Structures are given as structure tokens and as C-alpha cells.
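Everything on this sheet refers to the single structure shown next.
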Amino acid sequence: MEKQDWLRLLPAVDQLLSESSLQELLENYPRWLVLKGVREILQEYRESILAAETEDRLEELDLSTDNIAREAVQYIKELNSFNLRPVINAAGTVIHTNLGRAPLAPSAEEALLGVSSCYSNLEFSLERGERDSRQSHVEKLLCELTGAEAALVVNNNAAAVFLVLNTLAGGGEVIISRGELVEIGGSFRMPEVMSSSGAKMVEVGATNKCYLSDYENAVTDQTKVLLKVHTSNYRIMGFTEEVSRRELVTLGKQAGLPVVEDLGSGVLVDLDKYGVEKEPRVQDCLEEGVSVVTFSGDKLLGGPQAGIILGSAGMIDRFKNNQIARALRVDKFTVAALEATLRIYWDEERAVREIPVLAMLTRKLEDLKKQAQKLQRLIKQKSSGGKLEIIEGKSTAGGGALPMADLPTYVVTYLPDGESSQVLARKLRLGDPPVIARVHQDRLYFDVRTVRAGEEKIIAEALGRALE
Ligand SMILES: *Cc1c(COP(=O)(O)O)cnc(C)c1O
């Protein structure tokens, strides 16, 4: 048969539309969308026919109306489904920037939903009946929790650093150690943020060693800020020397310069109390005399995306009065979710229990093991063939936090029979809901640390479908 004859075998658009499955879709979906889907699937088949090099390839194509209608239905449903959706994180990275960083605590989710489809007192004092600041909902809470005098919340920590440097050092110089020129996920690099804020970066010391004298020698009458950046996603090991926060604060006092610290993650609880690597707490930085601290809302704090700036009332007022602040301001969803998240911190034990990021980081090994066993059991029921095992593994904190944390975990691994695990991982990602697993040594790795209760069954069923 000629290619033309094969093309003639394809069903017509009208013929497909009269199939009951597509008729059903037409009741709920706009006609143009259904037509678009049908036409695109037909076009794909035409292209496959024209591209087929052998008769065998052509024979493999199922050109029945039935089959093409089924594919069209699936494709149209995909076209109509949301791009941004919940996924199951079985990769074990707790603060996964690509997967939306911190999942919110239930009370934060509730607060966010609560203000989303109605009016709220976002910038209105119910007491005085007049305009108020949106910051008022979180500022006092932040001060009470951290001991700061004043606070300002902006879009994210990059915005916070930008605003602080632009306000304090625009046109002036900022001194920073060469060991602290952080890059976060490619788009936030200290030197670039610095130059866009209008501040001139003065690097001191070497990558591995920096002394107080390096800072002292770099101070000129152009210096506006001494900047300390937490190396949140890397560590410099070996032959090293770093100037402590206290020493820098002392120098700042002598030279009449503010010390600004970009803490990156910003944690409020003592993580080492719960068996996780020590991170400087926000409270500690302020207590040691740092003038301004900035950190993210959606890293270790476990709240919504936000940048939090803490400092003296005088400092914070200067940031608030910078015209740029308006462009960096937070929306009501962020304010609602952040307020609710912060309120959980009134009770530290509740915070460690209810804030997903903290709960996941501090999970007990026995608990992880039990969950891995449950997942293994469920997968066994849904899969035939392949090699299923539980192994000891390591989770990562991710999101520019705790780069050296030792987070032992249990991982369910699956070595498929015949099929490649890359292909399986892709099928899992494209499923509904998408499941994100790791692939290592041609096995699928499901790290249960980030798998929420009840998701084990969904993962097992998704794998079962991917294996069909
Ligand atoms: C993560 C991080 C940032 C950027 O914070 P965002 O909230 O993602 O904008 C800046 N500095 C440090 C040290 C960080 O770890």
C-alpha cells in the first residue's frame, strides 16, 4: 500500500466526534478545545505514517476510530488539566526548590484559604477604623519570637538583601569575605545582587581564610556596610579561618558601621536539640549584636515564600521608606500563611511536630523504617517482577540549607525487569498525581522521609500503572 492509502485509513474528524467518549467530553469542554485535540492527534498519526520507513512500522500503528478517539480523549483531558499541580515528593529532599520548597502547615493553609476569596483587614485597623500597614499582622510576632525591635517582610530573601543593600549602601561600599560569595540556584549570586543594588562590593581575604585585619584594612570613608553571608548551601572545610559574628560586630561598633547578615535559611529552633546539624538561629545573630538580619520564609522556617528583615526600628523604617519596597511587597496570601506559621512557633514542640519541614527533618529512624516497609508491601502487591528492596540511605535538606546535615533514612528501591528505570521515572512524573522519585544505578529510589502519610498507596498504584 502507498502512504496515501494509509493516510486514507485515518478516521475523519466528524467520525471521531461522533464517538460516545468524545460526545461526552463535548458536554463539559468547549467545542474548540475538543476539535483542537482531535486535530492534533490526527496530525500526529499523519506524521507517524509519513515518517514510517518500513511496512512493519505502518502495521504497528492502530488507526482504528476507537483507538484514536481514546487517545484524543486522554490528550484533551491533559490540555484541560492545570499546569501547576500538587506532586508527591519521593525524592527525599525536604526543601526542594523545584518542588515549591516548604509545604505549609495545616493551620497556615487554612489561614491562606480563609483570606483568599473574601475581603480582609489586610491594610485596615479594625480598632481605629482606618488605614493600617499589612506588615502589622506579622511584625509584632516576628519581634516577639526573635527579640528584634522591628521587622519588614518582602517578597523573598533575594529582595530582602537587595532592599537592605540598596538602602544602606547604594553608591557606597560593602565589605564581604571572599569565602561568602554565595550563589543560590543560579539566579541569586551575591556579586550580582550587590551590583544591581548599586553597592560596590569590596572582597576581602582568601576563599578559605579571612581575618579581622582584612576587614579593618578595607574600611574607608566610602564603606557603608559590613556584610556577613551564611554559607547556607556549602561549607569550606580544611585549612580555614573565618571572622566570627561577634568580632565583626565589635569592628562595626568601632567603625560606626552596621553589620548586616544574610542568614539564608533562618531557623528559629535549635535543630541540634532534635538531632539535626546545628544552624545559627535568627535569635542568636540578633543577640550577638548584628544590626540587620535577613532570611527566607520558605526554607527552614517552613512558611510561604517571603524575605524577612529584622533590625532596629530606625533601620527598618529606612527600608520601609525606600521607594523600591513597594515593588517588593508581599501579598495577602503570604501575610496570612506567614502569620499562621509564626504563631505555631509560640510552642516549639508544636512547631517541630506541625511544620512539615521541621517534622520531616527530625523524623525518627524507626518511623522511617516502618513507613518504608509499608511502601514496600504496597508496591509488592502492585508490581510483578523486578527487584524490590529496602536500603539505608541519606536524605538531603536541600533549598540552600544544612549542606552537611547527616540525615540517615530508609529508601525503597526498585530494579525493574526489562524496562529502564529512567523510562519508569518519567511515567511516574507524567502520572496523576505526579510522583517524583530518584534514579540511581538504574533503580528507582523512593525515600520515604518526604512521603506524607497516606501517599504510600498512591505511589504503589502509580508504579503499578507505569509498569502496565
Ligand atoms: C536562599 C538564599 C538566598 C535567596 O533566598 P530566596 O528566598 O530564595 O530569595 C539568599 N541568600 C542566602 C544565603 C540563601 O541561602
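Descriptive notes on the structure:
- Residue in the range 240-258 that is under 24 Å from the mean Cα position of the chain (by Cα) and either of a type outside the set (D, E, K, R) or within 16 Å of the ligand (Cβ to nearest atom) (or both) present: no
- Any chance residue 161 is part of a helix (DSSP H, G or I) and either free of Cβ contacts under 8 Å to residues at least 24 places away in the same chain or more than 25 Å from residue 278 (Cβ to Cβ) (or both): no
- Qualifying residue in the range 164-171 (condition: away from the ligand (no atom under 13 Å from the Cβ) and assigned to a loop (DSSP other than H, G, I, E, B)): yes
- Residue count, the range 259-285 (criterion: crowded, with 20+ Cβ neighbours inside 10 Å and either within 12 Å of the ligand (Cβ to nearest atom) or more than 23 Å from the chain's Cα centre (by Cα) (or both)): 11
- In the range 174-201, the residues that are part of a strand (DSSP E or B), touching a residue at least 12 places away in the same chain (Cβ under 8 Å) and either surrounded by 18 or more Cβ atoms within 10 Å (Cβ to Cβ) or within 13 Å of the ligand (Cβ to nearest atom) (or both): 174, 175, 176, 177, 184, 188, 201
- If you go through the range 31-40 and keep only what is open to solvent by 60 Å² or more (accessible area, probe 1.4 Å) and of a type outside the set (D, E, K, R), you end up with just 32.
- Subset tally (residues that are more than 29 Å from residue 282 (Cα to Cα) and free of Cβ contacts under 8 Å to residues at least 60 places away in the same chain) for the range 94-120: 3
- Checking each residue in the range 230-252 for being aliphatic (A, V, I, L, M), crowded, with 20+ Cβ neighbours inside 10 Å and outside any helix (DSSP H, G or I) picks out only 243.
- Any chance residue 334 is more than 24 Å from residue 106 (Cβ to Cβ) and of a type in the set (Ser, Thr, Tyr): no
- Sole residue being within 16 Å of the ligand (Cβ to nearest atom) and open to solvent by 50 Å² or more (accessible area, probe 1.4 Å), chosen from 155, 121: 155
- Selected residue (only one of 128, 57, 70 is free of Cβ contacts under 8 Å to residues at least 24 places away in the same chain and in a helix (DSSP H, G or I)): 57
- Search result, residues across the range 363-383 that are free of Cβ contacts under 8 Å to residues at least 60 places away in the same chain and open to solvent by 50 Å² or more (accessible area, probe 1.4 Å): 364, 365, 366, 367, 369, 370, 373, 377, 380
- Tallying residues that are open to solvent by less than 40 Å² (accessible area, probe 1.4 Å) and either part of a loop (DSSP other than H, G, I, E, B) or modelled with pLDDT under 95 (or both) within the range 7-24 yields 2.
- When the residues of the range 178-196 are filtered to those that are small (Gly, Ala, Ser) and under 15 Å from residue 264 (Cβ atoms), the one that is nearest to the chain's Cα centre (by Cα) is 185.
- Hey, residue 255 more than 16 Å from residue 159 (Cα to Cα), in contact (Cβ under 8 Å) with a residue 60 or more places away in the chain and open to solvent by 10 Å² or more (accessible area, probe 1.4 Å) or not: no
- Flag if residue 202 is in contact with a helix residue (DSSP H, G or I) (Cβ under 7 Å, 6 or more places away or on another chain), among the β-branched types (Val, Ile, Thr) and under 16 Å from residue 160 (Cβ atoms): no
- Look at the range 15-27: where a residue is closer than 14 Å to residue 70 by Cβ and outside the structural domain of residue 66 (by TED's automatic domain parsing), no partner that is open to solvent by 80 Å² or more (accessible area, probe 1.4 Å) and assigned to a helix (DSSP H, G or I) sits 6+ places away or on another chain with Cβ atoms under 9 Å.
- Test result for residue 142, within 16 Å of the ligand (Cβ to nearest atom), touching a residue at least 12 places away in the same chain (Cβ under 8 Å), surrounded by 19 or more Cβ atoms within 10 Å (Cβ to Cβ) and not in a helix (DSSP H, G or I): no
The values are calculated or read from the model by the stated rules, or taken from the named source; none is laboratory data. Predicted, not measured: the structure shown is a model, and the values here were computed from it. Cβ atoms come from the backbone with ideal geometry, glycine included; neighbour counts cover every protein chain shown. In case anyone asks, the SASA skips ligands and DNA or RNA and just uses the protein heavy atoms, side chains included. Shrake-Rupley method; radii C 1.70, N 1.55, O 1.52, S 1.80 Å.
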